[in-house]
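The structure appears right after this line, and notes come after that.
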Amino acid sequence: MKEKTDQEVINHLKHNVSGVERVSRLAGDASTRNYFRLFTGDQSIIAMVYPENNSEEINRIRALTQSYTEAGLNVPGIVDQIGDNILLQEDIGDISLQNYLSDASEEKILEIKNDIQIVLEQLKNIPPGKTGFKMDLDKMRFEIDFFIYNFVNRFIPSWKSGKELREEILQKLEKISTETIFAHRDFHSRNIFIKGNSLYLIDFQDSLLAPKYYDAVSFVFDSYLESGAREIFFTIFNDKSDLELEQIYLTAYQRNIKALGTFGFQYFAGNRKFFHSIKPTINNLRNNIHFTETSLLGTFFSLLEKEYQI
């Protein structure tokens, strides 16, 4: 099916939403969805538009919106639905946590840290039955393969140790505890917004059961965070035992491998804005997960940095 142009989507929105005076396109995320802000007088709403019918994901978003709200979490409210590919949501503004933290004082960062800890507690208390997905070893294997294909093989096609690297990564991930809790899945500073004095979560349609510290490490080892803020947020783990810290580092290792796979996929799909997130992610692995340069992963990163001057 041919994807509609922006103007065709805008015309469709104006036809189906009464009182629309103006429509502006918003920056997208790492998905195929597109976002538009619809202005109706002094009000505005957000249209999340899929390129084709996707009733399964829209229904999941509707159900998870209710689950998050019942747990006391702030998420965009649902205003309406148009067909099976457009969801109209509350407009929560443009202040992402990433932007907010870029010039925040240490005092403000500490306040955010406390708010994040509250959100993490609320997330893990959502009943596990609210999602039908799980981050198990099979899914981790899939994400390793995604990383090898979209990042390793595509950035340096001549490197012939991808199979051995896969086994090196898998040996680490097999040590992650099988204990799981409800998780947002993509809990990072670009998916958290500030409206008034409250944090709002977006992009939660892939919520699943995941290792105990999955959301926490997704946030603390966020590829988009400045190092100063990351150091403050890492104190979330100050009371953890050595065994818990091992699980935290292993989960962060998995999460950052997954992120690099996504960045590689986006880069070779023509979306170059994620390229600048590669170096911070490598630094997360190098500085916080403590892999050595004699590992295959370390060797590959050294080659990558030399080849691409990153």
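Assorted remarks:
Every residue, every condition in (1) among the aliphatic types (A, V, I, L, M); (2) at positive phi; (3) in the same structural domain as residue 219 (by TED's automatic domain parsing), yes or no:
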residue	(1), (2), (3)
24	no, no, no
47	yes, no, no
55	no, no, no
70	no, no, no
77	no, no, no
85	no, no, no
103	no, no, yes
112	yes, no, yes
118	yes, no, yes
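- Residue within region 62-73 that is in contact with an Asp or Glu (Cβ under 8 Å, 6 or more places away or on another chain) and either β-branched (Val, Ile, Thr) or surrounded by fewer than 18 Cβ atoms within 10 Å (Cβ to Cβ) (or both) present: no
- Filter result for residue 272 (in contact with a Gly (Cβ under 9 Å, 6 or more places away or on another chain) and without any contact (Cβ under 8 Å) to a residue 24 or more places away in the chain): no
- Of all residues in region 1-59, those being polar (S, T, N, Q) and part of a loop (DSSP other than H, G, I, E, B) number 6.
- Yes/no for residue 201 being touching a Ser or Thr at 6+ places or on another chain (Cβ under 8 Å), closer than 20 Å to residue 251 by Cβ and either among the aliphatic types (A, V, I, L, M) or not assigned by TED's automatic domain parsing to the domain that holds residue 132 (or both): no
- Just one residue in the set 95, 144, 156 is buried (at least 18 other Cβ atoms within 10 Å of the Cβ) and either of a type outside the set (Phe, Trp, Tyr) or in contact with a Lys or Arg (Cβ under 6 Å, 6 or more places away or on another chain) (or both); that residue is 144.
- Residue-level analysis places residue 126 outside the set of residues that are over 20 Å from residue 205 (Cα atoms) and of a type in the set (A, V, I, L, M).
- Any hit, region 207-221, residues being surrounded by fewer than 20 Cβ atoms within 10 Å (Cβ to Cβ), touching a helix residue (DSSP H, G or I) at 6+ places or on another chain (Cβ under 9 Å), over 29 Å from residue 50 (Cβ atoms) and assigned by TED's automatic domain parsing to the domain that holds residue 124: yes
- For first residues located in region 140-158 and hydrophobic (A, V, I, L, M, F, W, C), partners that are not in a helix (DSSP H, G or I) and lie 6+ apart or on another chain with Cβ distances below 9 Å form the pairs 140/174; 140/176; 152/159; 152/161.
- One residue stands out among those in region 126-166 that are under 18 Å from residue 308 (Cα atoms) and among the hydrophobic types (A, V, I, L, M, F, W, C): the one that is farthest from the chain's Cα centre (by Cα), which is 159.
- Test: residue in region 298-305 that is surrounded by fewer than 20 Cβ atoms within 10 Å (Cβ to Cβ) and under 22 Å from the mean Cα position of the chain (by Cα): no
- Filtered residues of region 259-277 (kept if outside any helix (DSSP H, G or I) and either of a type in the set (A, V, I, L, M, F, W, C) or under 15 Å from residue 188 (Cβ atoms) (or both)): 269
- Residue pairs whose Cβ atoms lie under 8 Å apart, separated by 6 or more positions or on different chains, with the first residue in region 56-73 and over 13 Å from residue 119 (Cα atoms) and the second in a helix (DSSP H, G or I), are 63/130; 64/130; 67/130.
The values are calculated or read from the model by the stated rules, or taken from the named source; none is laboratory data. From a predicted model like this one, the values you see are computed outputs, not experimental measurements. All Cβ positions, even for glycine, are placed from backbone atoms using ideal geometry, and neighbour counts span all protein chains on display.
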